[in-house]
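Peer 1: Handing you a structure now.
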Amino acid sequence: MLKVFRKPDKMQVFRRQFFIEINNLGVESLGIVAVISVFMGAVVAIQTAYNIDSPLIPLKMVGFTVRQSVILEFSPTIISLILAGKVGSRIASEIGTMRVTEQIDALEIMGINPANYLIFPKVTAAMAFNPVIIIISMGFGLVGGWLVSVFTNLYTSHEYIDGIRSWFEGYTIIYALIKTVVFAYLITSISGFMGFIVKGGAIEVGAASTKAVVWSSIMIILFNLILTQLLLS
(Lines give C-alpha, C1' and ligand atoms only; values in the text may rest on other atoms or scores of the structure.)
Protein backbone atom coordinates (compact mmCIF):
# COMPACT_ATOMS: atom_id res chain seq x y z
CA MET A 1 0.00 0.00 0.00
CA LEU A 2 2.99 2.32 0.49
CA LYS A 3 3.77 1.87 -3.19
CA VAL A 4 0.12 2.45 -4.13
CA PHE A 5 -0.23 5.80 -2.37
CA ARG A 6 2.90 7.41 -3.75
CA LYS A 7 2.56 10.51 -5.93
CA PRO A 8 1.80 9.47 -9.53
CA ASP A 9 4.68 9.91 -11.95
CA LYS A 10 2.43 11.73 -14.44
CA MET A 11 -0.74 13.44 -13.19
CA GLN A 12 -2.17 13.58 -16.71
CA VAL A 13 -2.00 9.79 -16.97
CA PHE A 14 -3.50 9.43 -13.49
CA ARG A 15 -6.42 11.74 -14.33
CA ARG A 16 -7.15 9.77 -17.49
CA GLN A 17 -7.10 6.48 -15.61
CA PHE A 18 -9.20 7.99 -12.82
CA PHE A 19 -12.10 8.80 -15.14
CA ILE A 20 -11.76 5.45 -16.91
CA GLU A 21 -12.09 3.68 -13.55
CA ILE A 22 -15.09 5.79 -12.57
CA ASN A 23 -16.82 4.46 -15.68
CA ASN A 24 -15.64 0.87 -15.22
CA LEU A 25 -16.20 0.55 -11.49
CA GLY A 26 -19.01 3.04 -10.92
CA VAL A 27 -21.15 3.96 -13.89
CA GLU A 28 -21.37 0.38 -15.15
CA SER A 29 -22.69 -0.70 -11.74
CA LEU A 30 -25.61 1.75 -11.67
CA GLY A 31 -28.02 -0.63 -13.44
CA ILE A 32 -27.76 -3.50 -10.99
CA VAL A 33 -27.72 -1.08 -8.04
CA ALA A 34 -30.94 0.59 -9.21
CA VAL A 35 -32.79 -2.69 -9.72
CA ILE A 36 -31.73 -4.17 -6.39
CA SER A 37 -32.52 -0.94 -4.53
CA VAL A 38 -36.06 -0.70 -5.88
CA PHE A 39 -36.92 -4.26 -4.87
CA MET A 40 -35.09 -3.88 -1.57
CA GLY A 41 -37.19 -0.84 -0.64
CA ALA A 42 -40.38 -2.57 -1.77
CA VAL A 43 -39.68 -5.68 0.31
CA VAL A 44 -38.91 -3.64 3.45
CA ALA A 45 -42.12 -1.67 2.96
CA ILE A 46 -44.27 -4.80 2.52
CA GLN A 47 -42.74 -6.54 5.52
CA THR A 48 -43.16 -3.45 7.71
CA ALA A 49 -46.79 -2.96 6.68
CA TYR A 50 -47.50 -6.66 7.24
CA ASN A 51 -46.13 -6.51 10.78
CA ILE A 52 -48.08 -3.41 11.80
CA ASP A 53 -51.13 -5.10 13.26
CA SER A 54 -51.96 -2.57 15.98
CA PRO A 55 -54.37 0.29 15.24
CA LEU A 56 -52.33 2.44 17.63
CA ILE A 57 -49.36 2.45 15.22
CA PRO A 58 -49.91 4.84 12.28
CA LEU A 59 -49.17 3.54 8.80
CA LYS A 60 -46.79 6.41 8.20
CA MET A 61 -44.34 4.32 10.22
CA VAL A 62 -43.89 2.27 7.03
CA GLY A 63 -42.27 5.23 5.28
CA PHE A 64 -40.20 6.05 8.35
CA THR A 65 -38.97 2.46 8.68
CA VAL A 66 -38.11 2.16 4.99
CA ARG A 67 -36.19 5.43 5.10
CA GLN A 68 -34.19 4.49 8.17
CA SER A 69 -33.49 0.95 6.95
CA VAL A 70 -32.40 2.06 3.50
CA ILE A 71 -30.23 4.97 4.65
CA LEU A 72 -28.63 3.42 7.71
CA GLU A 73 -27.97 -0.12 6.54
CA PHE A 74 -29.32 -1.45 3.27
CA SER A 75 -27.85 1.06 0.80
CA PRO A 76 -24.38 1.59 2.31
CA THR A 77 -23.79 -1.98 3.48
CA ILE A 78 -25.78 -4.34 1.24
CA ILE A 79 -24.95 -2.43 -1.94
CA SER A 80 -21.28 -2.35 -0.91
CA LEU A 81 -21.37 -6.13 -0.49
CA ILE A 82 -22.83 -6.43 -3.98
CA LEU A 83 -20.14 -4.12 -5.33
CA ALA A 84 -17.53 -6.26 -3.57
CA GLY A 85 -18.70 -9.15 -5.70
CA LYS A 86 -18.97 -7.23 -8.96
CA VAL A 87 -16.13 -4.73 -8.67
CA GLY A 88 -13.80 -6.71 -6.41
CA SER A 89 -13.69 -9.75 -8.66
CA ARG A 90 -13.13 -7.53 -11.69
CA ILE A 91 -10.17 -5.73 -10.10
CA ALA A 92 -8.54 -8.93 -8.82
CA SER A 93 -8.94 -10.78 -12.11
CA GLU A 94 -7.75 -7.81 -14.18
CA ILE A 95 -4.60 -7.20 -12.15
CA GLY A 96 -4.03 -10.93 -11.61
CA THR A 97 -4.13 -11.54 -15.35
CA MET A 98 -1.62 -8.76 -15.88
CA ARG A 99 0.63 -10.38 -13.28
CA VAL A 100 0.58 -13.89 -14.76
CA THR A 101 1.05 -12.55 -18.30
CA GLU A 102 4.09 -10.56 -17.07
CA GLN A 103 2.60 -7.18 -18.00
CA ILE A 104 3.33 -5.92 -14.48
CA ASP A 105 6.94 -7.07 -14.82
CA ALA A 106 7.15 -5.10 -18.06
CA LEU A 107 5.91 -1.96 -16.28
CA GLU A 108 8.60 -2.40 -13.62
CA ILE A 109 11.29 -2.77 -16.29
CA MET A 110 10.11 0.50 -17.87
CA GLY A 111 10.59 2.24 -14.51
CA ILE A 112 6.84 2.61 -13.79
CA ASN A 113 5.44 1.97 -10.31
CA PRO A 114 2.86 -0.71 -11.22
CA ALA A 115 1.05 -0.65 -7.87
CA ASN A 116 0.49 3.09 -8.15
CA TYR A 117 -0.34 2.99 -11.85
CA LEU A 118 -2.84 0.12 -11.62
CA ILE A 119 -4.39 0.29 -8.13
CA PHE A 120 -4.31 3.96 -7.06
CA PRO A 121 -6.78 5.19 -9.75
CA LYS A 122 -9.17 2.38 -8.80
CA VAL A 123 -9.04 3.24 -5.09
CA THR A 124 -9.55 6.96 -5.61
CA ALA A 125 -12.28 6.49 -8.24
CA ALA A 126 -14.26 4.12 -5.99
CA MET A 127 -13.90 6.39 -2.94
CA ALA A 128 -15.06 9.37 -5.00
CA PHE A 129 -17.94 7.76 -6.93
CA ASN A 130 -19.32 5.11 -4.57
CA PRO A 131 -21.03 7.78 -2.39
CA VAL A 132 -22.85 8.90 -5.54
CA ILE A 133 -23.94 5.31 -6.17
CA ILE A 134 -25.21 4.96 -2.60
CA ILE A 135 -27.17 8.23 -2.78
CA ILE A 136 -28.80 6.96 -5.98
CA SER A 137 -29.49 3.63 -4.26
CA MET A 138 -31.23 5.43 -1.39
CA GLY A 139 -33.46 7.27 -3.84
CA PHE A 140 -34.42 4.10 -5.70
CA GLY A 141 -35.03 2.29 -2.41
CA LEU A 142 -37.50 4.95 -1.31
CA VAL A 143 -39.15 4.83 -4.73
CA GLY A 144 -39.53 1.06 -4.34
CA GLY A 145 -41.44 1.57 -1.10
CA TRP A 146 -43.63 4.19 -2.76
CA LEU A 147 -44.44 1.85 -5.66
CA VAL A 148 -45.90 -0.59 -3.13
CA SER A 149 -48.37 2.10 -2.07
CA VAL A 150 -49.33 2.64 -5.72
CA PHE A 151 -49.91 -1.02 -6.64
CA THR A 152 -51.29 -2.34 -3.33
CA ASN A 153 -53.76 -1.27 -0.65
CA LEU A 154 -51.41 -1.77 2.27
CA TYR A 155 -51.03 2.00 2.78
CA THR A 156 -51.50 5.22 0.85
CA SER A 157 -48.91 7.34 -0.89
CA HIS A 158 -49.68 10.22 1.48
CA GLU A 159 -49.01 8.04 4.54
CA TYR A 160 -45.77 6.75 3.05
CA ILE A 161 -44.44 10.18 2.07
CA ASP A 162 -45.49 11.59 5.44
CA GLY A 163 -43.49 8.84 7.13
CA ILE A 164 -40.42 9.57 4.99
CA ARG A 165 -40.54 13.22 6.05
CA SER A 166 -41.04 12.50 9.76
CA TRP A 167 -38.22 12.70 12.32
CA PHE A 168 -35.49 13.08 9.73
CA GLU A 169 -31.90 13.63 10.90
CA GLY A 170 -29.32 14.72 8.34
CA TYR A 171 -26.56 12.99 10.29
CA THR A 172 -27.85 9.62 9.09
CA ILE A 173 -26.83 10.55 5.53
CA ILE A 174 -23.36 11.59 6.72
CA TYR A 175 -23.03 8.32 8.65
CA ALA A 176 -23.97 6.30 5.57
CA LEU A 177 -21.52 8.15 3.32
CA ILE A 178 -18.65 7.74 5.80
CA LYS A 179 -19.28 3.99 5.78
CA THR A 180 -19.47 4.01 1.99
CA VAL A 181 -16.06 5.67 1.60
CA VAL A 182 -14.44 3.21 4.01
CA PHE A 183 -16.08 0.25 2.26
CA ALA A 184 -14.93 1.54 -1.15
CA TYR A 185 -11.36 1.68 0.11
CA LEU A 186 -11.58 -1.83 1.53
CA ILE A 187 -13.01 -3.33 -1.67
CA THR A 188 -10.48 -1.79 -4.05
CA SER A 189 -7.38 -2.14 -1.87
CA ILE A 190 -8.03 -5.77 -0.89
CA SER A 191 -8.97 -6.77 -4.44
CA GLY A 192 -5.97 -4.95 -5.89
CA PHE A 193 -3.65 -6.65 -3.41
CA MET A 194 -5.08 -10.11 -4.13
CA GLY A 195 -4.57 -9.61 -7.85
CA PHE A 196 -1.13 -8.08 -7.47
CA ILE A 197 0.36 -11.03 -5.56
CA VAL A 198 -0.96 -13.78 -7.86
CA LYS A 199 1.53 -16.43 -8.86
CA GLY A 200 0.76 -19.14 -11.38
CA GLY A 201 -1.81 -19.17 -14.16
CA ALA A 202 -5.52 -18.87 -14.89
CA ILE A 203 -6.57 -21.12 -11.99
CA GLU A 204 -4.69 -18.94 -9.51
CA VAL A 205 -6.29 -15.81 -10.98
CA GLY A 206 -9.73 -17.31 -10.40
CA ALA A 207 -8.78 -18.23 -6.83
CA ALA A 208 -7.52 -14.68 -6.24
CA SER A 209 -10.82 -13.25 -7.46
CA THR A 210 -12.71 -15.48 -5.04
CA LYS A 211 -10.42 -14.50 -2.15
CA ALA A 212 -10.87 -10.83 -3.02
CA VAL A 213 -14.66 -11.09 -2.80
CA VAL A 214 -14.58 -13.16 0.40
CA TRP A 215 -12.12 -10.96 2.27
CA SER A 216 -13.74 -7.75 1.06
CA SER A 217 -17.12 -8.96 2.32
CA ILE A 218 -15.69 -10.03 5.68
CA MET A 219 -13.94 -6.69 6.19
CA ILE A 220 -17.07 -4.76 5.17
CA ILE A 221 -19.11 -6.59 7.80
CA LEU A 222 -16.39 -6.10 10.43
CA PHE A 223 -15.93 -2.39 9.75
CA ASN A 224 -19.70 -1.94 9.57
CA LEU A 225 -19.85 -2.99 13.22
CA ILE A 226 -16.86 -0.84 14.18
CA LEU A 227 -18.10 2.29 12.40
CA THR A 228 -21.63 1.87 13.74
CA GLN A 229 -20.26 1.64 17.28
CA LEU A 230 -18.06 4.70 16.76
CA LEU A 231 -20.53 6.93 14.90
CA LEU A 232 -23.90 6.07 16.44
CA SER A 233 -23.11 5.11 20.03
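The values are calculated or read from the model by the stated rules, or taken from the named source; none is laboratory data. Source: prediction; values computed, not measured. Virtual Cβ from ideal backbone geometry, glycine too; neighbours counted across all protein chains shown.
Peer 1: What is the number of the single condition among (1) touching a Ser or Thr at 6+ places or on another chain (Cβ under 9 Å); (2) closer than 30 Å to P55 by Cα; (3) of a type in the set (V, I, T) that I164 does not meet?
Peer 2: (1)
Peer 1: Being in a helix (DSSP H, G or I) and without any contact (Cβ under 8 Å) to a residue 24 or more places away in the chain is the requirement here; does L186 meet it?
Peer 2: Details: in a helix (DSSP H, G or I): yes; without any contact (Cβ under 8 Å) to a residue 24 or more places away in the chain: no.
No.
Peer 1: Mind listing whichever residues of segment 20-46 are surrounded by fewer than 15 Cβ atoms within 10 Å (Cβ to Cβ) and in contact with a Pro (Cβ under 9 Å, 6 or more places away or on another chain)?
Peer 2: Result: I20, single match.
Peer 1: Working carefully through the options I173, I178, find the one that is among the β-branched types (V, I, T), assigned to a helix (DSSP H, G or I), over 19 Å from T124 (Cα atoms) and at pLDDT 90 or above. Working first, answer last.
Peer 2: Details: I178 fails: over 19 Å from T124 (Cα atoms).
Answer to the check: I173.
Peer 1: Residue check: is S149 hydroxyl-bearing (S, T, Y), in contact with a Gly (Cβ under 8 Å, 6 or more places away or on another chain) and buried (at least 17 other Cβ atoms within 10 Å of the Cβ)?
Peer 2: Values: hydroxyl-bearing (S, T, Y): yes; in contact with a Gly (Cβ under 8 Å, 6 or more places away or on another chain): no; buried (at least 17 other Cβ atoms within 10 Å of the Cβ): yes.
The answer is no for S149.
Peer 1: Follow-up question, since we're still on this one. Need the failing condition index for A45 against (1) touching a residue at least 24 places away in the same chain (Cβ under 8 Å); (2) of a type outside the set (D, E); (3) under 29 Å from T124 (Cα atoms), just the number.
Peer 2: Going through the list (1) touching a residue at least 24 places away in the same chain (Cβ under 8 Å); (2) of a type outside the set (D, E); (3) under 29 Å from T124 (Cα atoms), A45 breaks only (3).
Peer 1: If only one of E159, E108, E102, E73 is under 20 Å from V43 (Cβ atoms) and surrounded by fewer than 16 Cβ atoms within 10 Å (Cβ to Cβ), which one is it?
Peer 2: Values: E159 fails: surrounded by fewer than 16 Cβ atoms within 10 Å (Cβ to Cβ); E108 fails: under 20 Å from V43 (Cβ atoms); E102 fails: under 20 Å from V43 (Cβ atoms).
Residue meeting the stated conditions: E73.
Peer 1: How many of the residues making up segment 141-161 are over 26 Å from the mean Cα position of the chain (by Cα) and small (G, A, S)?
Peer 2: 2
Peer 1: Moving on to the next point. Quick one: would you say I78 is surrounded by fewer than 21 Cβ atoms within 10 Å (Cβ to Cβ), touching a residue at least 12 places away in the same chain (Cβ under 8 Å), within 18 Å of V182 (Cα to Cα) and not polar (S, T, N, Q)?
Peer 2: For I78, the condition - surrounded by fewer than 21 Cβ atoms within 10 Å (Cβ to Cβ), touching a residue at least 12 places away in the same chain (Cβ under 8 Å), within 18 Å of V182 (Cα to Cα) and not polar (S, T, N, Q) - is met.
Peer 1: Taking into account only those residues within segment 197-230 that are in a loop (DSSP other than H, G, I, E, B) and of a type outside the set (A, V, I, L, M, F, W, C), which is surrounded by the fewest Cβ atoms within 10 Å (Cβ to Cβ)?
Peer 2: Step one: of segment 197-230, the residues in a loop (DSSP other than H, G, I, E, B) are 197-201.
Pick out the ones that are also of a type outside the set (A, V, I, L, M, F, W, C) and you get 199-201.
Details: K199: 9, G200: 12, G201: 12.
The selected residue is K199.
Peer 1: Filtering segment 162-196 down to residues that are of a type in the set (G, A, S) and surrounded by 20 or more Cβ atoms within 10 Å (Cβ to Cβ), which residue is nearest to the chain's Cα centre (by Cα)?
Peer 2: Initially, segment 162-196 is screened for residues of a type in the set (G, A, S), giving 163, 166, 170, 176, 184, 189, 191-192, 195.
Right, trim to surrounded by 20 or more Cβ atoms within 10 Å (Cβ to Cβ) and you get 163, 176, 184, 189, 191-192, 195.
On the way: G163: 26, A176: 11, A184: 6, S189: 14, S191: 14, G192: 16, G195: 19 Å.
Checking each candidate, the answer is A184.
Peer 1: Among the candidates D105, D53, which residue alone is under 30 Å from G206 (Cβ atoms) and over 19 Å from the mean Cα position of the chain (by Cα)? Steps first, please.
Peer 2: On the way: D53 fails: under 30 Å from G206 (Cβ atoms).
Step by step, each of D105, D53 is checked, and only D105 is under 30 Å from G206 (Cβ atoms) and over 19 Å from the mean Cα position of the chain (by Cα).
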